[in-house]
Ligand SMILES: Nc1ncnc2c1ncn2[C@@H]1O[C@H](COP(=O)(O)OP(=O)(O)OP(=O)(O)O)[C@@H](O)[C@H]1O
């Protein structure tokens, strides 16, 4: 994605030992949706939250603007505990936090312009100032030419752009995104993610997003938190968590996304016909890269040839940079008479991990 100038970071959030239980009809005990969650959202960063259905993602997101009140614990917004604020203080907290939704939540009887302007009218912002801000935001989201349209006349992506303009109209420090791209096709998703990333960079807005799409996390998040049964079970920079997931839930959520298990690679290679007659002594090696070292795929074959003294052919590669950390695998075929152990030993200096795929 294109990079834009960085604005000063704004809006830190700290969850401290947050629990949230909902009353359950007819049951003596409630549903424990959040169980002692502690988590930092650093200012100016994009943090994604993933987890299975019912894990507590929405509840966590909605505690930030107090759409859900925590049962216990503290939520610090730039150091100030907001968990119990009410009245004018609550309005001020909500002004500092914008939110966008999966189904856009636009008012169908109002135009694009009126939808975006609504929060300003409710906040009593003078007309001239409000008009200027709405015009500026519609330009930012690329919808200045559709100001008079009604939501029903817009595509899903355009509706989400209106949602984003409305969420930003009070110049929040924090933006909450609740499955903001789940109702959109892949191309539209990409354009919305680009917009969110631009907003993050150009305005320094801290973003917390929940999604079930791992691609969204990989594309724009700096950090990811994995939530399971109301607890944060894993948390860290996206490239680290994605390359070396530790918790079983993370592994399972990433399983189909990473597509780099041995069976997956074997399947991917089944259509690759070896050039010429297969040599009995050929060995296929999977070289894994975990993001901790640079990878020059084009130089790899030569490097391996030098290292092993055998002819090397590249069969497949899935190296993807995640936040600038290249990760994935490269599959190569090596000839020559070296034994497996010796090949693995020599290839180890090049990759993070080496294993034999199969002998042809
Ligand atoms: N208003 C509510 N009243 C009672 N229980 C609730 C309420 N909202 C959520 N829950 C329960 O709290 C738990 C966490 O729900 P939450 O919506 O936060 O999960 P989620 O991870 O966002 O799920 P999904 O991905 O399906 O949206 C679930 O067991 C859910 O049934």
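Remarks
- Segments classed as helices (runs of 4 or more DSSP H), wholly inside region 109-188, with at least 2 members that are out of contact with any helix residue (DSSP H, G or I) (no Cβ under 9 Å at 6 or more places or on another chain): 127-140
- Hey, residue 149 surrounded by fewer than 22 Cβ atoms within 10 Å (Cβ to Cβ) and more than 24 Å from residue 57 (Cβ to Cβ) or not: yes
Values in this text are rule-based calculations from the coordinates and carry no lab data. Predicted model, so just to flag it, every value in this text is computed and none were measured. Virtual Cβ from ideal backbone geometry, glycine too; neighbours counted across all protein chains shown.
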